[in-house]
Amino acid sequence: MSREANEISSAPITPRPATVAPQAQVSCPPSQYNSPSLSRSPLLDGASDQQPGAEGAVVAKAPKTPLAIRTPRMSLTPRFITPLGSPVRKALKMTRLDPQDAWLPITESRNGNKYYAAFHTLCSGIGIQALVLPVAFTVLGWAWGIILLTLGFIWQLYTLWLLVHLHENVETGMRYSRYMQLFSFTHGDKIANWLGLFPIMYLSGGTCVALIVIGGSTSKLFYEIVCPTCTSKPLTTVEWYLVFTCAAVVLSLLPNLNSIAGVSLIGAITAIGYCTLIWVTSVAEGRLPGVSYDPIRADTQIARVFGVLNAIGIIAFAFRGHNLILEIQATMPSSEKHPSHVPMWRGVKVSYTLIAVCLFPLAIGGYWAYGHLIPANGGMFEALYHYHSKDVSQSILGLTSLFVVINAACSFQIYGMPMFDDTESKYTRRMKKPVPWWLRCISRAMFGFGVFFFAVAIPFLGSVAGLIGGISLPVTFVYPCFMWMKIHKPKKYSPMWCLNYSLGVLGMILSGFMIAAGLYVVIDTGIKVQFFKPH
């Protein structure tokens, strides 16, 4: 190519007649990026037998055998088995077409656009964990709290930019439609399974468990606000979990990622709604009596260090959704003339502008209003009901609760989609055909009620959230830096090499310290293990 892939202003090439062999002559649109899967599939057509002609024309050689009975040659001649030939063989293997992409929910539909990208990114990038940001400020104080929140936002936005531009590889013509595909390609299947599989699956499945807990408990609270006299025979917490799960399962029957764009839009609107309502109401009610902004100090030095690490972890956990960025971008059409990273980045810029508008007022306004009195569990949401349940209109409290429930149900869909995709890929690999609609409904219902079982059976899972969060932190802050270096191979000690290497090493060190802090908290405070007793 004479131009970079991100230039989209050039006019498409018009094919012209050319003198070709009598077999065939076809004109092709700008070449589409292929999408590899975790399992390789044979070539679907005779693309390997085509030769480029003049001005975009493609000359197809006559096959020696009929196309219907040809079998692609999997072995290469001995002359390729050299140090120079190995990359060629790897490229030939990775650029094969994959039929499964048209059968799986993430890549089944590729008519997405920048608006869909903004909806999905905003719905997955902001959630109830943002309401705990003022808790980090109680340990860090005003200055360090604002500094670290700003640095964390810039860091995760940079790694997000890396992922968006790593989605498609211009040199090999590949599209990495899933986070694990890109991780496996850059680091190998063995390292990807050891370091990437658990945190990525936890960020999907574990988030769905947390959403059922949040959605179910807030549904109960909403019911009590709307109908305070309807308490003669109230539903239990487990029953409210089940009500929320049924609603989430019904929504999960939408077939693919593009089909839930409207659901993500509703989730994004409600997320902005409850974040704004909570911090505006808290600031409007004024500071609580006796509020102090002096950072909380533990008795021992080691407890202080781990307290600071825990506060940094709270800030890091407020930024989520990086494990879904490649999947969201996979729903867009892409070609060399019109790469998908252009509309994707436009959607990301809009969504993260709105995320910043929500996060910073929440952290700063919430800390100003409650100071060290803010509850450690629940954050701003718990503080609003604990301190202002009698001062604030019940309609505002009810609307806030309703927004949280709707957002949880909508976020469940986008976080569950990678799990649906992984489950259905096992069927398509084995049966070589798409999943029937009835089996898709059964599998998604089983996933939803399986997550419900974990939410009820392991209510103490939040006690080890810091430990598990330290393990999953590299997905957002570390792996994109190392994957960019593996693919683009910048010159050693160049600015981009130094930046990515420094951020990657710093992120791994931070992750290690956070894991140690999580273990310390578990050992020091203990865990109240109560199976099947949610609060």
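Key figures for this structure:
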read-out	value
Estimated distance in nm for a label pair at residue 142 and residue 284, the labels positioned 7 Å out from Cα along Cα-to-Cβ	2.5 nm
Using a Förster distance of 35 Å, the FRET efficiency for residue 303-residue 457 (Cβ separation, nearest 0.05)	0.65
Overall form of segment 305-354 per C-alpha gyration tensor (a/c, 1.5; a/b vs b/c)	prolate
Förster radius 60 Å - calculated FRET efficiency between residue 229 and residue 497 (Cβ-Cβ, nearest 0.05)	0.35
Pair residue 523, residue 377: separation of 7 Å Cα→Cβ label points (nm)	2.4 nm
Neighbour-limited loop hits for trypsin sites (Lys or Arg not before Pro), segment 222-321 (at most 16 other Cβ within 10 Å; DSSP other than H, G, I, E, B)	287, 297
Where labels lie 7 Å past Cα in the beta-carbon direction, separation of residue 102 and residue 360 in nm	4.7 nm
Ellipsoid equivalent to segment 408-459 - semi-axes via the Cα gyration tensor, in Å	23, 12, 10
Difference of contour (0.36 nm per residue) and Cα-Cα distance, residue 430 to residue 445	3.3 nm
Equivalent ellipsoid semi-axes - Cα gyration tensor, segment 341-409, angstrom	29, 16, 10
Full-extension gain in nm, residue 486 to residue 506, via 0.36 nm per residue minus C-alpha separation	5.4 nm
Relative contact order (%) - criterion: Cα under 8 Å, at least six apart; region: segment 91-224	19 percent
Cross-link pairs beyond the 30 Å C-alpha cut-off, checked among 433/489; 114/492; 190/432; 349/426; 426/491	433/489; 114/492; 349/426; 426/491
Extension gain from residue 276 to residue 438, taking 0.36 nm per residue of separation minus the Cα-Cα distance	54.3 nm
Volume in Å³ per residue [convex hull over Cα atoms, computed for segment 373-473]	151 Å³
Per residue solvent-accessible surface (Å²) - segment 355-417, probe of 1.4 Å	33 Å²
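The values are calculated or read from the model by the stated rules, or taken from the named source; none is laboratory data. Keep in mind the model is a prediction, meaning the values are calculated, not measured. Positions of Cβ are backbone-derived with ideal geometry, glycine not excepted, and every protein chain shown enters the neighbour counts. Accessible surface areas use protein heavy atoms only, side chains included; no ligands, DNA or RNA. Shrake-Rupley method; radii C 1.70, N 1.55, O 1.52, S 1.80 Å.
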